[in-house]
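**Q** Let me begin by handing over the structure; questions about it come next.
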Amino acid sequence: MEARDVIIAPRISEKSMAEALGHQYSFTVHPEATKTQIRHAIEEIFKVNVIKVNTVNVGGKRRNFARRGLRTQGRTKDYKKAIVTLKAGQKIELGGVNYFEQ
């Protein structure tokens with residue numbers, strides 16, 4: 001699996017912004033990616049040193065939809081999230097903008 005296939009997108013949320021101050025960054029990753037693959041992909045893409053990788057499989061939520069008078073139920077997708085801890089003094093910038101520290 002290529003590095004760009006392993007890392008799908010960064011998770012930009014209020015909680016991930018707070019974790020960035022402690023050198024932890026959250027990413028949505030491929031569901032079958034291992035911690036080692038995630039570590040190598042982050043190091044290759046962002047040129048940083050990864051100390052630790054934590055992963056969690058997040059289940060999708062149930063949602064109710066109303067369209068044209070019909071009520072139906074659906075689910076959002078399941079995904080895998082990785083929380084990556086970097087070496088002190090290093091940070092990740094996306095597209096020249098540091099979304100994590102604002």
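**Q** Measure nothing but the geometry: give the 0 to 90° angle between the long axis through the Cα atoms of 35-46 and the longest principal axis through the Cα atoms of the chain, rounded to 10°.
**A** With both axes taken from Cα atoms, the answer is about 70 degrees.
**Q** Quick one: dipole size for the chain, taken about the Cα centre, charges +1 on Lys/Arg Cβ and -1 on Asp/Glu Cβ, in debye to the nearest 20.
**A** Once rounded to the nearest 20, the dipole reads 780 debye.
**Q** Give the residue from 9, 69, 26 lying farthest towards the positive end of the charge dipole for region 3-86; charges sit on Cβ (+1 for Lys and Arg, -1 for Asp and Glu) and the dipole is referred to the Cα centre.
**A** 69
**Q** Rounded to the nearest Å, what's the spacing between the alpha carbon centres of region 63-85 and region 7-50? Just the number, please.
**A** Between the Cα centre of region 63-85 and that of region 7-50, the gap is 23 Å.
**Q** Between residue 68 and residue 14, how high is the FRET efficiency from 1/(1 + (r/R0)^6) when r is the Cβ-Cβ distance and R₀ = 30 Å? Nearest 0.05.
**A** FRET efficiency, residue 68 to residue 14: 0.25.
**Q** Using just the C-alpha positions of the chain as equal point scatterers, what log10 of I(q)/I(0) does the Debye formula give at each q in 0.23 1/Å?
**A** Debye output, listed in q order: -1.22.
**Q** Can you put 13, 26 in order of Cβ neighbours within 10 angstrom, beginning with the fewest?
**A** 13, 26
**Q** Pairs of alpha-carbon atoms within less than 8 angstrom and 6+ residues apart define the contacts here; what relative contact order does the chain have, in percent?
**A** Contact order relative to length: 32 percent.
Bear in mind that the values in this text are calculations on the coordinates, not laboratory data. Just so it is clear, the model here is predicted, and its values are computed rather than measured. Heads up, the Cβs are rebuilt from the backbone with ideal geometry, glycines too, and the neighbour counts pull from every protein chain shown.
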